[in-house]
Amino acid sequence: MVLQWSTDDLVDLTGVGDAVEVLDRKIEGGPGARLRDLRTRGADFRREFAATGMPQRVDTCDLVTLPYPTRFGLFRASRAIAPFLSITNRMLVIRWNDSDGRPRVLLFEPSDVDLGRNTPYFAELVRRTPSPLAKRMVTEHGSVSNHLAALGIAPDEVDYIVFDHLHTQDLRRWVGTTTYQPDLGEQPAAVFPNAKVIVQRDELLGMSDLHPLQTPWYQPQTYRDIPVDVFAPIDGSVLLGPGVAVIKTPGHVFGNQSLVLNTSTGIWVSSENVIAAECLTPEHSTLPGLARWSASWQQEVVLNANTIETTADQYNSVVLEKTIADHSQTDSRFLQFFPSSELTPMWTNPGTKPTFSHHAITHQS
């Protein structure tokens, strides 16, 4: 164990939001039974959620475009010759008022791009790639702090930080540490001093004793000196505010979660369970191999599977996301699923140009 805090510490931490009972009731039976049940529950949740209202505003901020193995992002389906595709990581900024009028700000996927490079898998990839080529493969679009400044949001106004899962994430600059950090050359003070990190409790527990399948993707040593009380662990799905929910979608990792938003264009779902909207409706995809693979294997979704922790659960979770999201108003063949890391066309990656891209969620009530 590399974490200074223990699993007992997590038991006493209080989460946030109101439990979404329709999604969190125990499902009996195996993966097939759970899949059938989730379709029904997703439809029930969708009706309830639409009645909760809408947030005041949603903004999308591009952070970085980087390479990612095609065999992970388009799991088993792609016939592209390119070994890598490109994905763009984006942050969503959501604002709403609580019932008592208190303003709230939530950051979804505010990745610290600089420190994320130290993730074992990506660090090894960079080590094996010639430096001039590596620089051309990565494009930084803007930092979390600069984006928030442009939106007129002060760091101390941020209430919640949410990631769909903690792969690659180093939170030390965002929430501070209890001691000096030799690799940073400082004891960082929290950039977001009032923010709570909403995370599934079982992901935190899993990080305290990683399985070998998980170790290339996490940076558990960076959590060793983070104050445990910055976390607001949840056990399932919660409604945070009008038209803002975090739902549990296990599979990509054990504690995966998705953001659900009700906006002026309808309901959106965001996570990294898939990397393109067409992965939820592969029958409409022009990406080489996807439609044929989906039909041949009778698979209705194409997963993003860099870790195969619980593949059947991830498949079920994507179907749940698919059940909840509305159809795109731009092209009704595709759903309003917004990948937190979205497939991005790049001339260096033949066969990986998406059929359809969202690029952003924009909403103002």
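Accessible area per residue for the chain, computed on protein heavy atoms with a 1.4 Å probe, is 42 Å². Binning the alpha carbon pair distances of the stretch 141-268 at 10 angstrom intervals from zero yields the distribution 11, 37, 39, 12, 1, expressed in whole percent.
Enclosing the Cα atoms of the stretch 97-173 in their convex hull gives a volume equal to 109 cubic angstrom per residue.
Taking only the Cα atoms of the stretch 294-365, the ratio Rg/Rh comes out at 0.98, with Rh defined as the Kirkwood radius.
Projecting each Cα onto the charge dipole of the chain (Lys/Arg +1, Asp/Glu -1 at the beta carbon, about the Cα centre), which of VAL162, PHE84, LEU107 comes out farthest on the positive side? Going by the charge dipole, the pick is PHE84.
When the P(r) is computed for the stretch 216-365, the part past 22 Å accounts for 45% of the Cα-Cα pairs.
So if R0 is 45 Å, what FRET efficiency would ARG333 and SER131 give, r being the distance between their Cβ atoms, rounded to the nearest 0.05?
0.60
Please compute, over every Cα-Cα pair in the chain, the percentage with a separation greater than 40 angstrom. That tail contains 8 percent of the Cα-Cα pairs.
Each label was represented as a point 7 Å from its Cα along the Cα-to-Cβ direction; for ALA43 and GLN299 these points are 2.6 nm apart.
Could you work out, for the stretch 279-328, what percent of all Cα-Cα pairs fall into each 10 Å distance bin, beginning at 0 Å and stopping at the bin that holds the largest distance? Histogram of Cα-Cα distances, whole percents per bin: 25, 52, 24, 0. The phi torsions of the stretch 95-104, fed into the Karplus equation with coefficients 6.51, -1.76 and 1.60 and a -60° offset, translate into couplings of 10, 7, 10, 5, 4, 8, x, 6, x, 10 Hz, rounded to whole numbers, with Gly and Pro shown as x. Per-atom-type breakdown for the stretch 258-365 gives carbon and sulfur 52% of the accessible area (1.4 Å probe, protein chains only). Scalar couplings 3J(HN,Hα) for the stretch 214-227, obtained by applying the Karplus form with A = 6.51, B = -1.76, C = 1.60 to θ = phi - 60°, are 8, 4, x, 10, 10, 10, x, 5, 6, 9, 4, 10, 7, x Hz; x denotes Gly and Pro. Could you state the number of Å between the C-alpha centres of the stretch 51-65 and the stretch 113-192? First find each Cα centre; the distance between them is then 20 Å. Histogrammed with a bin width of 10 Å, the alpha carbon distances of the stretch 18-86 distribute as 15, 22, 23, 36, 4 percent, first bin at zero. The eigenvalues of the Cα gyration tensor, multiplied by 5 and square-rooted, give the stretch 43-189 an equivalent ellipsoid with semi-axes of 31, 24, 14 Å from largest to smallest. Evaluated with a Cβ-only charge set (Lys, Arg +1; Asp, Glu -1), the chain carries a dipole of roughly 1320 debye about its Cα centre, given to the nearest 20.
Taking 0.36 nm per residue of sequence separation and subtracting the Cα-Cα distance, how much length would be gained by fully extending the chain between HIS359 and THR179, in nm to one decimal?
Here the segment from HIS359 to THR179 would lengthen by 60.9 nm.
Counting only Cα atoms, the stretch 1-121 measures 50, 39, 38 Å along its principal axes, largest extent leading.
Shape of the stretch 85-129 from its Cα gyration tensor (a ≥ b ≥ c, root eigenvalues): rounded if a/c is under 1.5, otherwise prolate when a/b > b/c, or oblate? Here the stretch 85-129 falls in the prolate category.
Compactness check for the stretch 146-192: Cα Rg over 2.2 N^0.38 Å is 1.30. On the stretch 101-180, 54 percent of the accessible area sits on carbon and sulfur atoms, based on a 1.4 Å probe. In the chain, a dipole from Cβ-located charges (positive for Lys and Arg, negative for Asp and Glu) runs towards its positive end, and of LEU303, VAL191, SER143 it is LEU303 whose Cα lies farthest in that direction. Each of PRO227, LEU287, PRO339 was placed along the dipole of the chain (beta-carbon charges, centred on the mean Cα), and the one lying farthest toward the positive end is LEU287. Ligands, DNA and RNA left out, the accessible area of the stretch 181-249 computed with a 1.4 Å probe is 54% carbon and sulfur. Sites listed here are chymotrypsin sites (Phe, Trp or Tyr not before Pro) in the stretch 268-360 whose DSSP assignment is loop and whose Cβ has at most 15 other Cβ atoms within 10 Å: TRP347. The alpha carbon gyration tensor of the stretch 193-304 gives principal lengths a ≥ b ≥ c with a/c of 1.5 or higher and a/b no greater than b/c, which makes the shape oblate.
The values are calculated or read from the model by the stated rules, or taken from the named source; none is laboratory data. Since the model is a prediction, treat every value here as computed from it, not as a measurement. Note that each Cβ is placed from the backbone with ideal geometry, even for glycine, and that neighbours are counted across all protein chains shown. In case anyone asks, the SASA skips ligands and DNA or RNA and just uses the protein heavy atoms, side chains included. Shrake-Rupley method; radii C 1.70, N 1.55, O 1.52, S 1.80 Å.
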